[in-house]
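This report concerns only the one structure given below.
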Amino acid sequence: MRHKRSIGPYLAFLSVKFEVDPEKFFSALVKAVENKKSNCDPISIECRGEIKAKKIFLITNDAGVLAQFKVPEEFLLERDNPLGKFLETDKILRYLSRKRRKVQGSSIRDVRSGIIHVSLKAKILEVAKPTRVVTRYGKYASVAKALIWDETGTIRLCLWDEQIGSVLVGDTVRIENAQASLFRGELQLSIGTKGLLTNVKDFESKITPTGSPALEA
């Protein structure tokens, strides 16, 4: 059937995009059907219900929602992991080729939801008051949203725990290996355990407040 042919390549693409082993990814989808939720580091999977014999899945991480899609029940019942055979589709090969060619130093305007290796330099325009949240692992953490700017635009940056006190308004920072996602419709960056946030005194692009958004009083 048509949906069976299309869902396999799509799920295989997601496993590559989120850097998850396809066999573990498929197993986590099945487990989410059974238990409503499952973890497949670095993502979480939630089965949110069913529509016309299709299970609805939501993929998230600490930064927010990464993807939502439907999978036919019959596809999830296949005994052998059906994703491995789709790892050499044209879409995946093109994605990997672009990823290999990608320059590590990018701009805010280049950031898109789902990108997991974002490296850029920007100025801190504002930092919101921290709030306490419970992570998907059941632990308490402090999070604050910062607004950062470069010559191409602005974006929100999630600061966690000790990251919050490491920057001030007006600082220039270097962000490495961050991931981008949508949270309540807003694009944002988050620096996980594999990422790095560094305070930079000499900004190579010589960013100044001129032309940048005005700070709110």
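Taking 0.36 nm per residue of separation and subtracting the current Cα-Cα distance, fully stretching the chain between ILE56 and THR131 would add 23.9 nm. Take the residue pairs LYS91/LYS194; LYS37/LYS121; LYS17/LYS129 and return only those whose Cα atoms are more than 31 Å apart. Pairs exceeding the cut-off: LYS37/LYS121; LYS17/LYS129. Dipole of the chain computed with +1 at Lys/Arg Cβ and -1 at Asp/Glu Cβ about the Cα centre; of ASN39, ALA180, ALA12, farthest Cα towards the positive end is ALA12. Translational diffusion coefficient of the chain (Stokes-Einstein, Kirkwood radius from Cα pairs, 4 °C, 1.567 mPa s): 68 µm²/s. For the chain, which longest stretch is free of loop sites, where a loop site is one of the trypsin sites (Lys or Arg not before Pro) that DSSP puts outside H, G, I, E and B and that has at most 14 other Cβ atoms within 10 Å? By the stated rule (loop sites, at most 14 other Cβ atoms within 10 Å), 140-183.
So, with +1 on the Cβ of K and R and -1 on the Cβ of D and E, and no other charges, what is the size of the charge dipole of the chain about its Cα centre, to the nearest 20 debye? Show your work: numbers first, answer last.
Values: 37 positive and 26 negative charges, 129 e Å.
Around 620 debye, computed over the chain.
The longest part of the chain holding none of the exposed loop GluC sites (Glu not before Pro), meaning those outside H, G, I, E and B in DSSP with at most 15 other Cβ atoms within 10 Å, is 89-150. Taking 30 Å as R0, compute the FRET efficiency from the Cβ-Cβ separation of GLU78 and SER142 and round it to 0.05. So, using R0 = 30 Å, E works out to roughly 0.10. By the Cα gyration tensor, segment 34-154 has an equivalent ellipsoid whose semi-axes, rounded to whole angstrom, run 32, 24, 12 from largest to smallest. The calculated P(r) of segment 2-98, using every Cα pair and 10 Å bins from 0, goes 16, 52, 29, 3 in percent.
Summing charges over all other residues whose Cβ lies under 11 Å from the Cβ of ILE43, with Lys and Arg as +1 and Asp and Glu as -1, gives -1. Out of every Cα pair in segment 149-194, what percent are spaced more than 18 Å from each other? Every Cα pair in segment 149-194 considered, those over 18 Å come to 30 percent.
Only the coordinates and a few stated rules stand behind these numbers; no lab work does. As the structure is a prediction and not an experimental result, all values here were calculated from the model. A quick note on method: Cβ atoms are made from the backbone with ideal geometry, for glycine too, and the neighbour counts reach across all protein chains shown.
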